[in-house]
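The values are calculated or read from the model by the stated rules, or taken from the named source; none is laboratory data. Source: prediction; values computed, not measured. Counting neighbours? That spans all protein chains shown, and the Cβs are built from the backbone with ideal geometry, glycine included. Keep in mind that these areas ignore ligands, DNA and RNA; they rest on the heavy atoms of the full protein, side chains included. Shrake-Rupley method; radii C 1.70, N 1.55, O 1.52, S 1.80 Å.
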Amino acid sequence: DVLVNEHPIISGELNVIDGLMEHLDSKNLFDWLTKQNKYSDFEAQNRLNKAFAVKPKLFGNNFERRMFIKSKFHLIPFRYVFTFLINYFYKGSFKSGRIGLIWALMRTFVFYLREIKYLEKKIIYEANNTRP
């Protein structure tokens, strides 16, 4: 029950299949930016509503841990520096040269955009719900 990035919750057996799957989610930069603008709005609304796909738990499974980090991300000092470093080095975008650098910067910007949109929604919400 989230607005974006739905996650299947499987109660049965999982199997691995052979082969590659291409994720062709954007034809060009315009499409990618349009999608990120829309998704960042959904993420900001989810944060305002405290809506997570599963209950965030630090010591839960991998998915619950991801939701925990997502719920606490705004509290992490230097979070955007860490986000860039994770995308550029840990995820390996440095291997793609200038394109990888641009990708890591853009992914970091999306996290910042989520924060800005959350603050905007919070201000609007508080203004509309605290008037006498």
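In the set (1) among the hydrophobic types (A, V, I, L, M, F, W, C); (2) surrounded by 14 or more Cβ atoms within 10 Å (Cβ to Cβ); (3) under 21 Å from Val110 (Cα atoms), Val54 fails one condition alone, (3).
Condition first: touching a helix residue (DSSP H, G or I) at 6+ places or on another chain (Cβ under 6 Å), farther than 24 Å from Tyr125 by Cβ and open to solvent by less than 50 Å² (accessible area, probe 1.4 Å). Can you find one or more residues in the range 58-74 that meet it? Within the range 58-74, none of the residues are touching a helix residue (DSSP H, G or I) at 6+ places or on another chain (Cβ under 6 Å), farther than 24 Å from Tyr125 by Cβ and open to solvent by less than 50 Å² (accessible area, probe 1.4 Å). For the range 15-37, the criterion of being under 25 Å from Glu126 (Cα atoms), at pLDDT 90 or above, within 14 Å of the chain's Cα centre (by Cα) and open to solvent by 50 Å² or more (accessible area, probe 1.4 Å) is met by at least one residue.
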